[in-house]
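Asker: Next up is a structure, given as C-alpha cells.
The values are calculated or read from the model by the stated rules, or taken from the named source; none is laboratory data. Please read all numbers here as calculations on a predicted model, not as lab measurements. As a convention, Cβ positions derive from the backbone with ideal geometry for all residues, glycine included, and neighbour counts pool all protein chains shown.
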Amino acid sequence: MKHFRKRLFQIIEPAGTSDRISRLFDKTILTLITLSVLSVILESFPELAKKYSIFFSAFEIFSIIVFSIEYILRIYTADYKYPTDTGFYSVVKYLFSPMAIVDLLAIIPFYLPLLIPVDLRFLRILRLTRIFRIFKINRYTKSLILIGKVLNRKKEELVITVFITFLLLLLSASIMYYVEFDVQPEAFPNIIASFWWAIATLTTVGYGDVYPVTVLGKILSGIIALLGIGIVALPTGLISSGFIEEISRTKSTKTNKSRKRKLLLHNYTRRSFKKDNSIRTRK
C-alpha cells in the first residue's frame, strides 16, 4: 500500500525525463487545462454557447471529474509532498498551499451551486472563476516556476516597495485634497476619492478625468508624476535583478553537477584502469 501511494505521488508530480507514465499524466492535465480555458472563452460568445451548450456542459463535467480526482490524489499523497510533517499536518499544509488553493478554485465553482442556492449573477461570477485553472500550469512549466522563485526570493524587498508606494499614494491624495477641494469639490470630495487621481498620476497613466486646476496643484502634480516614474521602476528593477540572479544560480548548479559527473567518471575510469593493470601484473 505504501509503495502504491508513493508511486501515485511520483505520477501526479511533475515528471522526470525517464518516467513515461508521469509525463503522460502531465501532458493530459496540461491539455485539459488549455481546452478548459478555451471553452470558457468560446462560451462567452452567446451564439456558440447556445448552439453547443451540450458539448460545453459535457466537457465541463468531464474536466471537473478529472480535476477532482487529481485534487483527491494530491491530498492522499500529501505526506510524500511534505515528508517532515505527520500525516494530518502534511494534509493541512498542502490544503493551504498556493497550488492547492488553485486546484480547489478549479473545481469549487461546479460544486458550490449544488450545495447552496445562488442567484444567476453570482453563478456567472462562479463560472468565470474557471479561468483560474490557467494557474494550474504553474506546476508544470519551468518559466512560471522561475517567476515564483524570483518573487519568493525578492518578497521582502517587494513588500518594502509596496509599503513605500502606499505611503506616497496616501501623501499625494491628502495633499491634493487640501489643495484642490475648495476649487473643485466634485473631483476631490475626500481623501479616499483622491486616491484615484493619485494612482493614475503615480503610475503615469493619466486618464485625464480628474486633474488639478490650481497653479499649486499643477506643480505638485508634476512632482508626484516624476516621483511615480521612480516608484514604478523599483519593483521592475528588483524582479529583473532577481531573474538574472536565479538564471545565474541555475546555470552554476548545472555546471557544478556536470563537473561532479565528469570527476566521478574520471575517478571510476582511473580505478578500473589501475585494477586492470594490477590483474595483468599478477598474471
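Asker: Could you name every one of the helices (runs of 4 or more DSSP H) located completely within region 1-102 that has at least 1 residues being of a type in the set (F, W, Y), under 18 Å from I137 (Cβ atoms) and touching a residue at least 12 places away in the same chain (Cβ under 8 Å)?
Answerer: Details: elements: 2-12, 20-43, 46-51, 53-76, 78-81, 87-95.
Because the criterion is at least 1 residues that are of a type in the set (F, W, Y), under 18 Å from I137 (Cβ atoms) and touching a residue at least 12 places away in the same chain (Cβ under 8 Å), the helices (runs of 4 or more DSSP H) in region 1-102 that meet it are 20-43, 53-76.
Asker: Shifting gears a bit: Quick check: anything in region 120-130 at pLDDT below 80, within 21 Å of I33 (Cβ to Cβ) and assigned to a loop (DSSP other than H, G, I, E, B)?
Answerer: No, every residue in region 120-130 fails to be at pLDDT below 80, within 21 Å of I33 (Cβ to Cβ) and assigned to a loop (DSSP other than H, G, I, E, B).
Asker: Considering only residues of region 204-232 that are at pLDDT below 75 and more than 21 Å from P185 (Cα to Cα), which is surrounded by the most Cβ atoms within 10 Å (Cβ to Cβ)?
Answerer: Of everything passing the filter in region 204-232, V232 is surrounded by the most Cβ atoms within 10 Å (Cβ to Cβ).
Asker: Sort through Y71, Y80 and tell me the only one that's in the same structural domain as R133 (by TED's automatic domain parsing), at pLDDT 90 or above, within 28 Å of N152 (Cβ to Cβ) and touching an Asp or Glu at 6+ places or on another chain (Cβ under 9 Å). If you could, list the steps in order and put the result at the bottom.
Answerer: Details: Y80 fails: at pLDDT 90 or above.
The unique qualifying residue is Y71.
Asker: Ok, one more. Run down K142, K136, K155, K149 and say which single residue is of a type outside the set (V, I, T) and modelled with pLDDT of 80 or more. Let's see the steps before the verdict.
Answerer: Working: K142 fails: modelled with pLDDT of 80 or more; K136 fails: modelled with pLDDT of 80 or more; K149 fails: modelled with pLDDT of 80 or more.
It is K155.
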